[in-house]
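The values are calculated or read from the model by the stated rules, or taken from the named source; none is laboratory data. Please read these numbers as outputs of a predicted model, since none were measured by experiment. FYI the Cβ positions are ideal-geometry reconstructions off the backbone, even for glycines, and counts take in every protein chain you see.
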Amino acid sequence: MAAIMSTRTNLFRLLTAGTPILGFSNVQLRYSSSAAGIGSRQIDMGGVKDYEDYRRSLYGEITHRALLVDAVGTLVVPSQPMAQIYRKIGEKYGVEYSEAEILNRYRRAYQQPWGRSRLRYVNDGRPFWQHIVRSSTGCSDSQYFEELYNYYTTNKAWHLCDPDAEKVFEALRKEGVKVAVVSNFDTRLRPLLQALNCEHWFDAVAVSAEVEAEKPNPTIFIKACELLGVKPEDAVHVGDDRRNDIWGARDAGCDAWLWGSDVHSFKEVAQRIGVRV
């Protein structure tokens, strides 16, 4: 089994090869690639012309009985730039760095290995985020940290990427497609989904802090499928990070589409699955 998984992984990596570059979003650092989506490339590797042919060679006819959705950057996005919020809340606690300085310091801190644990987000993620906030702003005031930390659990801090998401997820579930969130996040994700009034859209939530595995580790995708009661090969994952979302999901055996490239809206996701909205 290990040899088979290794072969699958190597083929996926060959088929999706690109030059990894370090990207940055308002809240997370992300790895991305300039390579085009494999589904749009015609590559001949021993009769495998493209990604869909490759999946059929492994699993037979492609089925999408479940949809897995990334949180930050796909389902939700920050309502204001991270550095702006760090600066604005920090002013009353003596933070003097400019937004540009905060952003640069955040980048450096986030990309450094987190030596306290093999995971960044353990339980509520406080130790990790205390390190990030202190490194980004030079401020170690506990009240400042708590105000900032709690802000990112509210609907003021986030908004939904796609205003049609609720209608689409309702249509998918009505047609028997199960839906789950799969996210590298701490335990604030559930109260955040509640604050955004969208937790009832999903049949399951797989959070890295609870699963104890972070994308691109395939364990978190496999766990999400277990929660939904489906096989990984019957699920498709949608996310905005090529390394974490696409490679991670495919390594688990799931299909995967890159948000903003392969699909641009949840309505388009539903159409590709075969559900009319």
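Taking the criterion of being touching a helix residue (DSSP H, G or I) at 6+ places or on another chain (Cβ under 7 Å) and not in a strand (DSSP E or B), the residues of the range 248-268 that qualify are GLY248, ALA249, ARG250, ASP251, ALA252, GLY253, CYS254, ASP262, PHE266, LYS267. Does SER117 qualify as being assigned by TED's automatic domain parsing to the domain that holds HIS264, over 21 Å from ALA252 (Cα atoms) and either at pLDDT 95 or above or of a type in the set (Ser, Thr, Tyr) (or both)? So SER117 fails the test.
The set of residues from the range 245-272 being surrounded by fewer than 20 Cβ atoms within 10 Å (Cβ to Cβ) and aliphatic (A, V, I, L, M) comprises just one member, VAL263. The single condition from (1) farther than 19 Å from GLU268 by Cβ; (2) free of Cβ contacts under 8 Å to residues at least 60 places away in the same chain that LYS174 fails is (1). Checked against (1) free of Cβ contacts under 8 Å to residues at least 40 places away in the same chain; (2) over 27 Å from ALA66 (Cα atoms), GLU166 passes all but a single condition, namely (2).
Is it the case that the range 168-183 has a residue that's in the same structural domain as LEU228 (by TED's automatic domain parsing), out of contact with any Lys or Arg (no Cβ under 8 Å at 6 or more places or on another chain) and over 22 Å from ASP234 (Cα atoms)? No. Does any residue of the range 114-125 turn out to be under 21 Å from PRO191 (Cα atoms), part of a helix (DSSP H, G or I) and under 24 Å from the mean Cα position of the chain (by Cα)? No, the range 114-125 contains no residue that is under 21 Å from PRO191 (Cα atoms), part of a helix (DSSP H, G or I) and under 24 Å from the mean Cα position of the chain (by Cα).
Of everything in the range 85-113, what is assigned to a loop (DSSP other than H, G, I, E, B) and either of a type outside the set (S, T, N, Q) or touching a Ser or Thr at 6+ places or on another chain (Cβ under 8 Å) (or both)? Give them in sequence order. Scanning the range 85-113 gives GLY94, VAL95, GLU96, TYR97, PRO113. Here the condition is being assigned to a loop (DSSP other than H, G, I, E, B) and closer than 22 Å to TYR54 by Cα; of VAL238, VAL230, it holds for VAL230 alone. Screening the range 65-79 for residues that are part of a loop (DSSP other than H, G, I, E, B), of a type outside the set (Asp, Glu) and under 8 Å from the mean Cα position of the chain (by Cα) and picking the one that is nearest to VAL181 (Cα to Cα) gives ALA71. Going by the conditions given, is GLY229 buried (at least 24 other Cβ atoms within 10 Å of the Cβ), at pLDDT 95 or above and either touching a strand residue (DSSP E or B) at 6+ places or on another chain (Cβ under 7 Å) or more than 20 Å from ALA270 (Cβ to Cβ) (or both)? So GLY229 does not fit the description; no.
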